[in-house]
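The values are calculated or read from the model by the stated rules, or taken from the named source; none is laboratory data. Since this is a predicted model, take the numbers as computed values, not measurements. FYI the Cβ positions are ideal-geometry reconstructions off the backbone, even for glycines, and counts take in every protein chain you see. With ligands, DNA and RNA removed, areas are computed over all heavy atoms of the protein, side chains included. Shrake-Rupley method; radii C 1.70, N 1.55, O 1.52, S 1.80 Å.
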Amino acid sequence: QHDRDVATCSVQGRDLGEFMVRGGHALDYRRHSKGRYASAEQDARNAKRGLWAGEFERPNEWRRNNPR
């Protein structure tokens, strides 16, 4: 849609995206992942890891509230 590549990166057979989302260091961007990391995000949210330890503004909300 935006003329950019979307890929899955792995390290020693582990999906780096899932590792980052489960640790609370990234969000499941469902438009591209089709929910692949939804359970990892829920796990991080329930455990209050990373981003979920406090409050934050989702990137799409920030972009909407701060147009160029």
Exercise for review: First select every other residue whose beta carbon is under 14 angstrom from the beta carbon of Y37; then total the charges, Lys and Arg +1, Asp and Glu -1.
Suggested key: +3
Revision key, fill the gap. Excluding ligands, DNA and RNA, the carbon-plus-sulfur percentage of the accessible area of the chain with a 1.4 Å probe reads 48 percent
Review point. At D3 and R63, where each label point lies 7 Å from the Cα along Cα→Cβ, what is the point-to-point distance in nanometres?
Key: 1.6 nm
Practice item. May I ask you to order 18-29, 47-58, 3-14 by the average number of other C-beta atoms within 10 Å around their residues, highest value first? Key: 18-29, 47-58, 3-14
Point to revise | Per residue, in Å², the accessible surface of the chain once ligands and nucleic acids are set aside, probe 1.4 Å | key: 83 Å²
Review point. Which of these values of Rg and Dmax of the Cα atoms in Å was calculated from the structure shown: (1) 15.1, 50; (2) 13.2, 40; (3) 11.6, 33?
Key: (2)
Point to revise | Whole-Hz ³J(HN,Hα) from phi, Karplus 6.51 cos²θ - 1.76 cosθ + 1.60, for segment 34-48, glycine and proline x | key: 6, x, 4, 9, 4, 5, 5, 5, 4, 4, 5, 4, 4, 8, 6
